1. If each residue of separation counts as 0.36 nm, what is the full-extension length gain between Thr99 and Gln76 once their alpha-carbon separation is subtracted?
2. Just check the range 31-72 against the gyration tensor rule for me: Cα atoms, a ≥ b ≥ c as the square roots of the eigenvalues, rounded for a/c under 1.5, and otherwise prolate or oblate depending on whether a/b exceeds b/c.
3. What does the charge count near Leu68 come to, summing +1 for each Lys or Arg and -1 for each Asp or Glu among other residues with Cβ under 13 Å from its Cβ?
4. Exposed loop GluC sites (Glu not before Pro) only (DSSP loop, at most 12 other Cβ atoms within 10 Å): please give the longest stretch of the chain free of them, not including the sites.
5. What are the residues whose amide H is under 5 Å from the amide H of Ser130, where those residues sit 5 or more places off or on another chain and H is modelled from the backbone?
6. Amide H neighbours of His63 under 5 Å, counting only residues 5+ apart in sequence or on other chains, H built in-plane at 1.01 Å?
7. What is the distance, in nm, between label points placed 7 Å from the Cα along the Cα-to-Cβ direction at Lys24 and at Ala2?
8. Add +1 for every Lys or Arg and -1 for every Asp or Glu among the other residues with Cβ under 12 Å from the Cβ of Asp19, and state the total.
Amino acid sequence: MAVTRFGVSLEENLLKKLDQLVTKHQFPNRSQAIRFLINQHIVEDKWKEDQDVAGALVLIYDHHKRDLQKQLTGLQHDYHCLILSSQHVHLDHHNCLETITLKGKSGKLLKLADKLRSIKGIKHGNLVMSTT
Ligand code: NI
């Protein structure tokens, strides 16, 4: 892809903050940091504006909890149109980690993530919001 160079005017303290970001997050240079920040903002807007997005929901739960797995599977069947895949990992004797990959309108995905996360017995749930 063609790259265009352009000048950016920044107050000195803001430039200092940009350089701190570059160092802290190990960006190779300022351009890469700015690229990341622009894309981050675009993705956030898409999630706010009910656009087509993709993401992953990570759930931690104890598989001994009564009815939990039944509910979890039932919900995933109800919303199969929004779910691309799910992966189940047995973390230890009690705990499972499930990664559910989602794609669709952000409003629907946020609602589904809330439903899945609020199943009784889910210990932790985190939604990674990305884009298609
Ligand atoms: Ni398991």
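The values are calculated or read from the model by the stated rules, or taken from the named source; none is laboratory data. Source: prediction; values computed, not measured. Cβ atoms come from the backbone with ideal geometry, glycine included; neighbour counts cover every protein chain shown. Note: accessible area is taken over every heavy atom of the protein model, side chains too, but ligands, DNA and RNA are not part of it. Shrake-Rupley method; radii C 1.70, N 1.55, O 1.52, S 1.80 Å.
1. Result: 7.1 nm gained on full extension.
2. Note, shape of the range 31-72 comes out prolate.
3. Its environment carries a net charge of +3.
4. After excluding every exposed loop site, the longest remaining stretch is 50-132.
5. Hits under the 5 Å cutoff: Ala54, Gly55, Ala56.
6. Cys96
7. 3.6
8. +3
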